[in-house]
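Here's the structure we're looking at; comments come further down.
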2 protein chains.
Amino acid sequence: MPTIYLAGPEVFLPDAQTVMGEKRRLARSFGFEPTGPGSDENQAPVGQLTAAAIYQRNDGAMRRADVCLANITPFRGISADPGTVYEIGFMIALGKRVWAYTNHPDDYGTRVRSIWYSGLDIDESSGRPRGPDGLSIENHGKADNLMIDIGIEEGGGRVIRAATLPADPERDLAAYTEALRYLRG
Amino acid sequence: MPTIYLAGPEVFLPDAQTVMGEKRRLARSFGFEPTGPGSDENQAPVGQLTAAAIYQRNDGAMRRADVCLANITPFRGISADPGTVYEIGFMIALGKRVWAYTNHPDDYGTRVRSIWYSGLDIDESSGRPRGPDGLSIENHGKADNLMIDIGIEEGGGRVIRAATLPADPERDLAAYTEALRYLRG
């Protein structure tokens, strides 16, 4: 049974154990053995571990895993949780199969305009859109920074994006389940 | 001369070429050959390349580089630029020496409180601080998500943090220069 590393920010949810338990149950139902943050159910909860111990646990799990499925739904801002982004880059460099899903239907450039610069004028005169602070807005139509999307695609993976924003983007598992279905093949 | 991959969000600045040129000049003055986003000065500007071409250029530069120095100053939010975070994870997995610097003096947990939940009550009753939305706040005292800081430290690198917020955090090069000095050894 291939091992799947479930990357994502669910560990920060107040009902983390419930949501992560359901994700693990679904992964098993598609033929994967789940691993990743908070998954060693018989060990100390993450809240009682040092930062170094958490890192080492995730590092080992990433190296042992066959596949990664990362939740890149925006977390406290316009982009994915940075821990999750680190893990995507790490596992791609290790040559692992990496897929991702996001419960936000808009691409990164659209979110930068709607969430970060909400209501402010975007300067389109230079050939690259820029916010009022002068910073250019990446507009390649990807779900997040192009390094994430293209890194995944170059390795044969896919980023599954929700068609519409679900009622509970932090917990919705429709795009997750769709990704598992593709990954099973 | 060791090759240094300069990761960071400077490519989005309106004066990107000036700032990145100065970073490259400083890197050379410390004995490094700089590479990374936007560094192939004789090629097409990044704005004219496809997302896949940008990725492939960065991918090759990361694999050829000996060292990475990443600017993890918060970018459009509370955390580092996600492309930079991807590159840190990628290069650590490749076994490269990775260092980082940030021009923001506060640790990640402090920034989540001051920037994301600014002025709102933090619930400290459960043993883990939580925002009013119930999401827990990572409070390991690191510059960003622990995966980034500990990944760098486990590999023998360091995260250099500015002692105070400089006047221009997007362009200030004091912490960058300090990191170069340590890296030269």
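The values are calculated or read from the model by the stated rules, or taken from the named source; none is laboratory data. Owing to the predicted nature of the structure, the values given are computational and were not obtained by experimental measurement. Positions of Cβ are generated from backbone atoms using ideal geometry, with glycine treated the same way; all protein chains shown enter the neighbour counts.
In the list A:Ser136, A:Ser118, A:Ser125, which residue meets the criterion of being within 18 Å of B:Leu49 (Cα to Cα) and out of contact with any Asp or Glu (no Cβ under 9 Å at 6 or more places or on another chain)? Outline the logic, then answer.
Numbers: A:Ser118 fails: within 18 Å of B:Leu49 (Cα to Cα); A:Ser125 fails: within 18 Å of B:Leu49 (Cα to Cα).
Being within 18 Å of B:Leu49 (Cα to Cα) and out of contact with any Asp or Glu (no Cβ under 9 Å at 6 or more places or on another chain) holds for just one of A:Ser136, A:Ser118, A:Ser125, which is A:Ser136.
Would you mind finding the one in A:Ile160, A:Ile148 that is at pLDDT 95 or above and assigned to a helix (DSSP H, G or I)?
On the way: A:Ile160 fails: assigned to a helix (DSSP H, G or I).
Sole residue among the options that is at pLDDT 95 or above and assigned to a helix (DSSP H, G or I): A:Ile148.
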**Message:** Among (1) without any contact (Cβ under 8 Å) to a residue 24 or more places away in the chain; (2) in contact with a Cys (Cβ under 7 Å, 6 or more places away or on another chain), there is one condition A:Pro132 misses while meeting the rest; what is its number?
**Reply:** (2)
**Request:** Output yes when any residue across region A:164-174 is buried (at least 21 other Cβ atoms within 10 Å of the Cβ) and free of Cβ contacts under 8 Å to residues at least 24 places away in the same chain, and no when none is.
**Result:** no
**Complete:** All-but-one check, B:Leu94 against (1) touching a residue at least 24 places away in the same chain (Cβ under 8 Å); (2) crowded, with 21+ Cβ neighbours inside 10 Å; (3) among the aliphatic types (A, V, I, L, M), failing number (2)
**Item:** Any hit, region B:148-169, residues being over 25 Å from A:Glu87 (Cβ atoms) and β-branched (Val, Ile, Thr)
**Value:** yes
**Request:** Return yes when B:Thr102 is surrounded by 17 or more Cβ atoms within 10 Å (Cβ to Cβ), closer than 23 Å to A:Pro129 by Cβ and away from chain A (no Cβ under 11 Å) and no when it is not.
**Result:** no
**Item:** Residue within region A:106-129 that is touching a helix residue (DSSP H, G or I) at 6+ places or on another chain (Cβ under 9 Å), in a helix (DSSP H, G or I) and at negative phi present
**Value:** yes
**Fill in**
Restricting region A:154-176 to residues that are more than 14 Å from the chain's Cα centre (by Cα) and not aliphatic (A, V, I, L, M), the one nearest to the other protein chains (Cβ to nearest Cβ) turns out to be A:Glu154
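Within region A:135-153, can you find the residues that are in contact (Cβ under 8 Å) with a residue 60 or more places away in the chain and within 12 Å of A:Arg111 (Cα to Cα)?
A:Ala143, A:Asp144, A:Asn145 - these are the residues of region A:135-153 that are in contact (Cβ under 8 Å) with a residue 60 or more places away in the chain and within 12 Å of A:Arg111 (Cα to Cα).
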**Message:** Need the failing condition index for B:Ile78 against (1) surrounded by 14 or more Cβ atoms within 10 Å (Cβ to Cβ); (2) in contact (Cβ under 8 Å) with a residue 12 or more places away in the chain; (3) more than 7 Å from every other protein chain (Cβ to nearest Cβ); (4) hydrophobic (A, V, I, L, M, F, W, C), just the number.
**Reply:** (3)
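Is it true that B:Leu6 is away from chain A (no Cβ under 14 Å), touching a residue at least 40 places away in the same chain (Cβ under 8 Å) and crowded, with 24+ Cβ neighbours inside 10 Å?
yes
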